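The values are calculated or read from the model by the stated rules, or taken from the named source; none is laboratory data. Keep in mind it's a predicted model, so treat the numbers as computed, not measured. Methodologically, a virtual Cβ is constructed for each residue, glycine included, from the backbone with ideal geometry; neighbour enumeration extends over all protein chains shown. Heavy atoms of the whole protein, side chains included, go into the accessibility calculation; ligands, DNA and RNA do not. Shrake-Rupley method; radii C 1.70, N 1.55, O 1.52, S 1.80 Å.
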Amino acid sequence: QFFVFCHGLLQLSQLLVSGYLKSSISTIERRYGLSSQTSGLLASFNEVGNTLLIVLVSYFGSRVHRPRLIGCGALLVSLAGFLMALPHFITGPYEYDLSVASTFSNTTDLCQPGAPRAGANLSDASCTPHASRENHEVLLVMFVAQALLGIGGVPIQPFGISYIDDFASERNSPLYLGILFSVTVIGPGVAFMLGSAMLRFYVDIDKVSTAEVPLTNKDPRWVGAWWLGFLVASSLVVLSALPYFFFPREMPKEVGEVLHTHTHTSVELECFPVVLLRNLRHPVYLLVVLAQVNISAMVAGLATFMGKFLERQFSLTASLANMIIGAVNIPGAMVGIVVGGAILKRFQMSLRQCSALCVLGMLLCLLTAFPLLFLGCPTQKVAGVTYWDSSGFGHHDTECNAQCHCPEKSFNPVCGSDGVEYTSPCSAGCRSVNIHADSSVLNYTRCSCIAGPGPAGFARPGTCSSGCSHLFVPFVVLSCLAGILASTSHTPSFMLILRSIQPEDKSFAVGIQFMLLRVLAWMPGPVLYGSAIDTTCLLWERRCERRAACRYYDNTLFRQR
């Protein structure tokens, strides 16, 4: 029982490390200027290390000291977690505004006619060979960390489960495995809640005092302390890894009615291709696995980018988006899995009824998910990006901010009194600024691009709200409902696989199933979703001549794709 407790704790903290990345993905994109395709590849890269080794592990089964190997794997996972946080410590502080030479002054972003801007050369000054090398280093460290995370996670689940199954009584074994399974479902929810808590802090909380940073977490340039969660999660992994070095290689079997002892024979290894073909030729097995591949690819993509989607569609902070996913969507999926299992148990279903239940769950899920195509916000009007008006914005000869000489790189969105967003006070032609007592900006005035009372309008800092917050609650309710309905088919689909194949092929068939899920779903899923999201970008941030993170998306296309 102590082993089960330790294993539950370890699986939870391992899932914290891998799930936390998904919760902070939009923040890491913004901090290091990554496209969603790159971040999707990063998120699924741990599956690469995992898949390469999982075959070996199932092969060595009970020939090794399992607890000790689990402990070693866990230490590798924690190393990977600390490596994920390393880029924060090897790079300089986050420069939220490249037009300001990392010293914040209120006038730099304003329209200053006459003098040619120093900012024009500034954009190249930050592009030393060192800066671009730094970026490669960051990516290298993170990809290596993800690969190690996958490799370290290999022994944890299979060895833990087989160890428990070998030494628990037949009566208690299902209970123990049920406990572990529920932990693996709760884990990602806890990870998103951790993300929600950490992203409330500013990224450089250890390098600069909060007073020096004129950003709030509503600001589009805000970057939360993404690295903090990795330190927390990795420390938990280290703590839960320690007991494993003290468990024995074998335990006396728990007292209970002993039916028979499992004998591991080498028969299954001789005819590997034969068994493989026999299973893949089985139509039920093949179809169910393909169905699971499709669902899993969707889940993998959604889990990675759902937070980003909510942030962009409904103008939420990263912290709030994670809170919704961790507290609403993931518990919803848990409820669905439990309900599906309960229906199975209550009605003792035949194979045909199992498949009917799966089909029903999926159809209902599609029905509730269909309205989600239309529940979202239109793209905000951004001058020169999504919106051109009669005052000549975007036409270089008569531009209302032509004499301002705005630095191209500056990004400090302001919302004009006319409801149009501008990428910086300078591009709105604003010539003066009003400051609160606590040195935060109240508003920008005398903006020549904004029509208003008198000669010019004013603008307030931050993006314009998308003005459709009333659609947010229906979206969350429907997406949660769709998730519940889809996950009711989780248990019946597993039963279809386990009951339709020959008993002696069971463990092998499940192994092949997970292998296919990894290669066809968990790996490509986030990358495909990330690429699809990238195709809807309207304005890319540029860093040192390379395309960095996306500033503005076409919200409607983003939602539909």
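Please pick out the residue among GLY361, GLY341, GLY376 that is part of a helix (DSSP H, G or I), buried (at least 19 other Cβ atoms within 10 Å of the Cβ) and in contact (Cβ under 8 Å) with a residue 12 or more places away in the chain.
GLY361
Among the residues of segment 185-201, which ones are surrounded by fewer than 22 Cβ atoms within 10 Å (Cβ to Cβ) and more than 11 Å from MET323 (Cβ to Cβ)?
Matches in segment 185-201: VAL185, ILE186, GLY187, VAL190, PHE201.
Does at least one position in segment 280-299 carry a residue that is of a type outside the set (Lys, Arg) and in contact with a Pro (Cβ under 8 Å, 6 or more places away or on another chain)?
Looking through segment 280-299, at least one residue is of a type outside the set (Lys, Arg) and in contact with a Pro (Cβ under 8 Å, 6 or more places away or on another chain).
Determine whether segment 44-62 contains at least one residue that is at pLDDT 90 or above and touching a Gly at 6+ places or on another chain (Cβ under 6 Å).
No: zero hits.
Condition check ((1) modelled with pLDDT of 60 or more; (2) open to solvent by 30 Å² or more (accessible area, probe 1.4 Å); (3) not acidic (Asp, Glu)) across all residues:
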{"site": "HIS65", "(1), (2), (3)": "yes, yes, yes"}
{"site": "GLY71", "(1), (2), (3)": "yes, no, yes"}
{"site": "LEU79", "(1), (2), (3)": "yes, yes, yes"}
{"site": "THR103", "(1), (2), (3)": "no, yes, yes"}
{"site": "THR108", "(1), (2), (3)": "yes, yes, yes"}
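So MET84 clears everything in (1) modelled with pLDDT of 90 or more; (2) open to solvent by 60 Å² or more (accessible area, probe 1.4 Å); (3) not aromatic (Phe, Trp, Tyr) except one condition, right? Which one?
Of the numbered conditions (1) modelled with pLDDT of 90 or more; (2) open to solvent by 60 Å² or more (accessible area, probe 1.4 Å); (3) not aromatic (Phe, Trp, Tyr), the odd one out for MET84 is (2).
From the residues in segment 538-561 that are under 20 Å from LEU372 (Cα atoms) and in contact (Cβ under 8 Å) with a residue 60 or more places away in the chain, which one is most open to solvent (accessible area, probe 1.4 Å)?
Only one residue tops the list, namely GLN560.
So how many residues does segment 166-184 have that are assigned to a helix (DSSP H, G or I) and either open to solvent by 60 Å² or more (accessible area, probe 1.4 Å) or of a type outside the set (D, E, K, R) (or both)?
13
Quick check on this structure: which one of ALA297, ALA327 is closer than 26 Å to THR184 by Cα, at pLDDT 90 or above and open to solvent by 50 Å² or more (accessible area, probe 1.4 Å)?
Selected residue: ALA327, the only one of ALA297, ALA327 that is closer than 26 Å to THR184 by Cα, at pLDDT 90 or above and open to solvent by 50 Å² or more (accessible area, probe 1.4 Å).
Hey, SER448 hits all of (1) surrounded by fewer than 20 Cβ atoms within 10 Å (Cβ to Cβ); (2) outside the structural domain of THR368 (by the TED database) but one; which does it fall short on?
The failed condition is (1).
Go through (1) open to solvent by less than 70 Å² (accessible area, probe 1.4 Å); (2) in contact with a Gly (Cβ under 9 Å, 6 or more places away or on another chain); (3) within 30 Å of PRO413 (Cβ to Cβ) for GLY332 and report which single condition fails.
Only one criterion in (1) open to solvent by less than 70 Å² (accessible area, probe 1.4 Å); (2) in contact with a Gly (Cβ under 9 Å, 6 or more places away or on another chain); (3) within 30 Å of PRO413 (Cβ to Cβ) is unmet by GLY332, namely (3).
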